[in-house]
Amino acid sequence: MEGTEVPSFYCMSQNTAAHHLESLIRSAFEEGRCGEYYIVDLVVAPNHHIGVFIDGDEGVSLDTCTQISRILESILDEVPELGGIYELEVSSPGVSRPLKFQRQYLKHTGRTLRIKLVSNEQFDGVLLNIGHDTITVDIKPKDKKGESVTREIAFGDIKEAYVTVQFGKK
């Protein structure tokens with residue numbers, strides 16, 4: 001259409017545009033503009049949806065997500081190439097996303113994790129301790145007659161670990 005200006009963001013390749021957005025968002029966290037919170041995952045979709053999954057050593061509140069969203073929006077709004085065309089979602093990773101960093105394990109001591117090792121062995125265990133390079137878990141037997149086993153696992157041996165939701169337990 002004549003007289004309609006197309007934001008230069010549309011003229012960038014998808015990879016270049018995604019990398020540019022990721023760089024802007026990551027720099028805000030690295031520069032300390034988002035407090036003690038850190039990025040767990042960052043997803044930039046081709047439809048200009050940006051998902052920023054954050055965490056903190058004490059967890060993440062809805063108010064924190066709102067505050068960080070406003071900080072990131074102000075940064076993204078200043079980039080002329082974007083033309084204000086994006087959808088930003090800032091949230092905690094929740095239980096549907098795996099733990100990615102050692103510091104995420106600390107706040108989950110005493111909770112049950114579903115752990116899959118690089119060897120593809122999979123089990124549930126209660127997180128007892130976090131060491132420098134390892135975690136210690138109490139693995140309950142699959143049958144009720146066996147005894148639980150305490151196992152130390154190197155972070156490098158963990159393919160993925162999820163916090164499981166336990167209902168009805170006190």
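Name the single residue that is modelled with the highest pLDDT among those in segment 144-167 being open to solvent by 40 Å² or more (accessible area, probe 1.4 Å), under 28 Å from the mean Cα position of the chain (by Cα) and among the β-branched types (Val, Ile, Thr). Lay out the reasoning, then the answer.
Start the filter on segment 144-167 by keeping residues that are open to solvent by 40 Å² or more (accessible area, probe 1.4 Å), which leaves 144-145, 147-152, 156-157, 159-160, 162, 165-167.
Those left that are additionally under 28 Å from the mean Cα position of the chain (by Cα): 150-152, 156-157, 159-160, 162, 165-167.
Keeping just the survivors that are among the β-branched types (Val, Ile, Thr) gives 150, 165.
Numbers: 150: 96, 165: 83.
In this case the residue turns out to be 150.
Specify which of the listed residues (74, 27, 69) is under 30 Å from residue 132 (Cβ atoms), surrounded by fewer than 18 Cβ atoms within 10 Å (Cβ to Cβ), out of contact with any Lys or Arg (no Cβ under 7 Å at 6 or more places or on another chain) and of a type outside the set (D, E, K, R). Talk me through it step by step, then tell me what you get.
Values: 74 fails: under 30 Å from residue 132 (Cβ atoms); 69 fails: under 30 Å from residue 132 (Cβ atoms).
Matching residue, one of 74, 27, 69: 27.
Condition (residue is touching a residue at least 12 places away in the same chain (Cβ under 8 Å) and at positive phi) applied to segment 111-120: is it met by at least one residue? Walk me through how you get there before you give the answer.
Of segment 111-120, the ones touching a residue at least 12 places away in the same chain (Cβ under 8 Å) are 111-120.
Retained after the next criterion (residues that are at positive phi): 120.
So far as segment 111-120 goes, yes, one or more of its residues are touching a residue at least 12 places away in the same chain (Cβ under 8 Å) and at positive phi.
Can you give me the number of residues within segment 44-60 that are in a loop (DSSP other than H, G, I, E, B), over 22 Å from residue 161 (Cα atoms) and not hydrophobic (A, V, I, L, M, F, W, C)? Outline the logic, then answer.
Pass one, segment 44-60, residues in a loop (DSSP other than H, G, I, E, B): 45-48, 56-60.
Remaining after also requiring over 22 Å from residue 161 (Cα atoms): 45-48.
Filter once more, so that each one left must be not hydrophobic (A, V, I, L, M, F, W, C): 46-48.
Going through segment 44-60 one residue at a time, the tally reaches 3.
Can you pull out the residues in segment 42-66 that are surrounded by 14 or more Cβ atoms within 10 Å (Cβ to Cβ) and of a type outside the set (Val, Ile, Thr)? Please lay out each step first, then the result.
Applying the first criterion (surrounded by 14 or more Cβ atoms within 10 Å (Cβ to Cβ)) to segment 42-66 yields 42, 44, 48, 50-56, 60, 64-65.
Across segment 42-66, the qualifying residues are 42, 48, 51, 53, 55, 56, 65.
Pairs under 8 Å by beta carbon, first residue under 15 Å from residue 126 (Cβ atoms) and touching a residue at least 24 places away in the same chain (Cβ under 8 Å) in segment 147-163, partner among the basic types (Lys, Arg) and not in a strand (DSSP E or B), six or more apart or different chains?
Short answer, once both residue conditions are applied: 162/97; 163/111.
For segment 119-170, which residues satisfy the criterion of being assigned to a strand (DSSP E or B) and among the β-branched types (Val, Ile, Thr)? Walk me through it before giving the result.
Residues of segment 119-170 that are assigned to a strand (DSSP E or B), as a first pass: 122-130, 134-139, 149-154, 158-163.
Listed by number, the residues that qualify are 126, 130, 134, 135, 136, 137, 139, 149, 150, 153, 158, 163.
Condition check: outside any loop (DSSP other than H, G, I, E, B), of a type in the set (Asp, Glu) and either in contact with a Leu (Cβ under 8 Å, 6 or more places away or on another chain) or under 16 Å from residue 99 (Cβ atoms) (or both). Does residue 41 satisfy that?
Details: outside any loop (DSSP other than H, G, I, E, B): yes; of a type in the set (Asp, Glu): yes; either in contact with a Leu (Cβ under 8 Å, 6 or more places away or on another chain) or under 16 Å from residue 99 (Cβ atoms) (or both): yes.
In short, yes.
Within the bounds of segment 78-96, is there any residue that is out of contact with any Gly (no Cβ under 9 Å at 6 or more places or on another chain), open to solvent by 50 Å² or more (accessible area, probe 1.4 Å) and within 30 Å of residue 116 (Cα to Cα)?
yes
The values are calculated or read from the model by the stated rules, or taken from the named source; none is laboratory data. The structure presented is a predicted model; accordingly, all values stated were derived computationally and were not measured. Positions of Cβ are backbone-derived with ideal geometry, glycine not excepted, and every protein chain shown enters the neighbour counts. In case anyone asks, the SASA skips ligands and DNA or RNA and just uses the protein heavy atoms, side chains included. Shrake-Rupley method; radii C 1.70, N 1.55, O 1.52, S 1.80 Å.
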